[in-house]
Every structure is written in C-alpha cells, then in structure tokens.
Amino acid sequence: MKGKTVLVTGSTSGIGAALAEGFAAEGANIVLNGLGDAAEIEKGRAALAAEHGVPVIYHGADMSNPDEIEDLVRTAEGQFGAVDILVNNAGVQYTETIEAFPVERWDALIAINLSAPFHATRAALPGMKRRGWGRIVNIASNAGLGGSVRKSAYVAAKHGVVGLTKVTGLENARSGVTCNAICPGWVKTPLVEVQIEDRAKRDGTSIEQATYDLLIDQQPSGRFTTVEQLAGAALFLCSSAADNMTGTTLTLDGGWMAI
Ligand code: NAD
C-alpha cells in the first residue's frame, strides 16, 4: 500500500475509522472524511499519522452534497496526485414503517447511502482509468441482499449499492479498476448501538438482553463481525489476490445469508 492513496468516506467513526487505520498500517496515504467535533477529528487525524508514519488529511464534505463530494475527490488528488482506492463507507440508518417514514428522512438516507457512492465513483474513476489501476470498495450490507422490516430506505439504498457495484465492475472490467462490495452483518458501532437501545426500550429488556436477541435473531454465529475483520476484507479486495474479482459482494455476517 506504500505510495497508494486511500479515500475512506465516513471515516470519523466505526467501520470507516477502522478501515482507514487498516490501510494506514500498510503504509497508504489516507484521506479521512466524516462528521463530528472538529477538535476530536483533528486529534484522530494527527494520531493516525503519527502512529503509522503516513500522511493523513481530512476533508469535511457532507456526503449528501454532490459538489462537496467532487471537491473531496479533487482535494485528495490535488494533495497526493491520485485517489488509487476509494472506499464508499459513509452511511446512516433510520427505522420506521413505510407509511410513517418521514419523506425528508428517506431523501437524506438515499442521498448519503446511495447517491454519494455514485458521485464519488463518478469523480474518482477518470483518474483511476488514466493510471490503469484503481480499487473501489463499497460498504453495502446484508440489507443489500435481503429485506428487513422498518428499514425501507436503508434496504433500498443498500440494494442500490450492490447494483451500482455490479455496473461499476462491468463498465470498467478491462481497465485495471475493480469494484466490489462488502456486506457486513451486525457490527457493533454507534449505528447499531442506537438500534440495540431502541430494541431494549421496545421490549423492556436490558441492553445485554437486547444485544443477545439482536444477534440470535439473525446472525447464527452469535457474534458481531468486528471492524478489524472488515479492514482485512477491504485490504484483501485491494490486493493482487483480488485482481480478477469485480462486480461482486463479500459477505461477513456469521452465516446470516445462509439461513
Ligand atoms: P457509524 O455511525 O459509526 O459511522 C458512519 C460514518 O459516516 C461516520 O463517520 C459519520 O460521520 C459518517 N457520515 C454520516 N453522514 C454523513 C454525511 N452526511 N457526510 C459525511 N459523513 C457522514 O456507522 P458504521 O456502522 O461504521 O457504518 C459505516 C457503514 O457501514 C455504513 O454505510 C453502514 O450502512 C454500513 N454497515 C454497518 C453495519 C453495522 O452493523 N454497523 C452493518 C452493515 C453495513
């Protein structure tokens, strides 16, 4: 990864932060993005750079805004000369039945979880093709492969990301650029902690019980997928072992999709 530049959207928290760390540990230049407290983000950026001895920059693009996404990619290219690896990871969740789903929540979720990967891919592809090498890793979800109640926008967006992955893979199959999606099952990040709290409230149970119920319902291994395992999967997709792998999904879900 030395000399390669990796842009990870939504890397101020959870899976994205761990992916950025995984690539930094392998020597890559890192471009961070995401929301959060400015001082905390700067602390994280400086710590990542110091720990791994790699250049790390941060860009605060709002991933629901196409112009800011374009600026994010151009800034990364301006700073490092290239975006070699794009990880489309930023995402949000909102749970409600279809009839009660607030329209503005639908629009925002689709913009961040589905349209942003399109805009970032659109901006990064020309440079990758010019250089004859690129990797696009979309963080989809099991929700990109199957449905679940109260998650219409999320499931629709993640199915869309899996579709976008296929088309990106096909359109660039002979260019040296690959595009694949990772589909994690449950991963214990802030995005899921909120869902565990909601479940505990709904069922009148403890957080421990709600965590157990959440896993036992859908993830046969009974264990969360870890962010380190996902970083390993992303590194694999960017390695030469995956040179002839494109337009497909890699599922890390403790057996969920085998049910
Ligand atoms: P998280 O809440 O910990 O992190 C989400 C990241 O996205 C944060 O850095 C946040 O700042 C950023 N983000 C959100 N809205 C943004 C916006 N408008 N502009 C820029 N950045 C924005 O969640 P996570 O669990 O790490 O989720 C990361 C990805 O993994 C998401 O796409 C999510 O759908 C997917 N995923 C998560 C799980 C899970 O169980 N946690 C499972 C499958 C897929």
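The values are calculated or read from the model by the stated rules, or taken from the named source; none is laboratory data. No experiment lies behind these values; they were computed from the predicted model shown. All Cβ positions, glycine included, derive from the backbone under ideal geometry; neighbour counts span all protein chains shown. Just so you know, the surface numbers come from the protein's heavy atoms only, side chains and all, with ligands and any DNA or RNA stripped out. Shrake-Rupley method; radii C 1.70, N 1.55, O 1.52, S 1.80 Å.
Annotations
- When region 150-191 is filtered for residues that are free of Cβ contacts under 8 Å to residues at least 24 places away in the same chain and under 18 Å from TYR94 (Cβ atoms), the ones remaining, listed by number, are VAL155, HIS159.
- Unique residue being closer than 30 Å to SER152 by Cα and among the charged types (D, E, K, R) when the list is GLU77, GLU51, GLU99: GLU99
- Scanning region 184-199 turns up one or more residues that are in contact with an Asp or Glu (Cβ under 8 Å, 6 or more places away or on another chain) and charged (D, E, K, R).
- From the list ALA124, ALA116, ALA143, the lone residue that is farther than 24 Å from LEU32 by Cα, among the small types (Gly, Ala, Ser), part of a helix (DSSP H, G or I) and in contact (Cβ under 8 Å) with a residue 12 or more places away in the chain is ALA143.
- Taking the criterion of being more than 7 Å from the ligand (Cβ to nearest atom) and in a loop (DSSP other than H, G, I, E, B), the residues of region 156-187 that qualify are ASN172, ALA173, ARG174, SER175, GLY176.
- Residues located in region 74-113, provided they are within 18 Å of VAL56 (Cβ to Cβ), among the small types (Gly, Ala, Ser) and in contact (Cβ under 8 Å) with a residue 60 or more places away in the chain: ALA76, GLY81, ALA82, ALA90
- For region 22-58, the set of residues classified as within 16 Å of ALA231 (Cβ to Cβ), open to solvent by 20 Å² or more (accessible area, probe 1.4 Å) and more than 15 Å from the ligand (Cβ to nearest atom) consists of ALA25, GLU26, GLU51, HIS52, listed by residue number.
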